[in-house]
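A short worksheet on the structure shown next.
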Amino acid sequence: MQTPNARDRNTPGPTRDLPEGPNGNPLLRTAVVVAVAVFFASFTPPAVFPAALSQFLTFAALGACLAGLLRREPVLSARHLTHWDEAAAYLVISTVTAWFVDPEAVAEAMRALSNGAGAVN
């Protein structure tokens, strides 16, 4: 017997307002992972931000590959987005971000941090 407040499994509601279709969840998951990587990279000095973001996204790609392996998802023959596709997206974004890394600025920021200086601009 259902209570008057019970919801049908297919009834739209707060828990059912996710993107629809087979690619909705992977796209949402990718956006959230990139947002979290940007959030954590924002705690680094500005000169180190591109390098930190690139590394966070590389680790996210490794995690997505591990998830793809554990779930035994097909690498190329799937008709929807898989963890392998997410890993490829993370690596593309990581590579593009790495183009903006200035090695001299990163080295200077690391020297300033090791010498005890606070924030680096």
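The values are calculated or read from the model by the stated rules, or taken from the named source; none is laboratory data. Small disclaimer: the values here were computed from a predicted structure and weren't measured. We place every Cβ from the backbone using ideal geometry, glycine too, and count neighbours over all the protein chains shown.
Is at least one residue of the stretch 4-16 farther than 22 Å from Phe100 by Cα, modelled with pLDDT under 55, among the polar types (S, T, N, Q) and assigned to a loop (DSSP other than H, G, I, E, B)?
Yes: the stretch 4-16 contains one or more residues that are farther than 22 Å from Phe100 by Cα, modelled with pLDDT under 55, among the polar types (S, T, N, Q) and assigned to a loop (DSSP other than H, G, I, E, B).
Evaluate the following for Ala35: is it without any contact (Cβ under 8 Å) to a residue 24 or more places away in the chain and within 27 Å of Gly21 (Cβ to Cβ)?
Details: without any contact (Cβ under 8 Å) to a residue 24 or more places away in the chain: yes; within 27 Å of Gly21 (Cβ to Cβ): yes.
Against the criterion (without any contact (Cβ under 8 Å) to a residue 24 or more places away in the chain and within 27 Å of Gly21 (Cβ to Cβ)), Ala35 qualifies.
Condition check: in a loop (DSSP other than H, G, I, E, B) and of a type in the set (S, T, N, Q). Does Ser77 satisfy that?
Yes: the conditions hold for Ser77.
Return the residue satisfying two criteria in turn: it lies in the stretch 44-68 and is at pLDDT 95 or above and hydroxyl-bearing (Ser, Thr, Tyr), and of such residues it is nearest to Ala105 (Cα to Cα).
For the stretch 44-68, the residue satisfying everything is Ser54.
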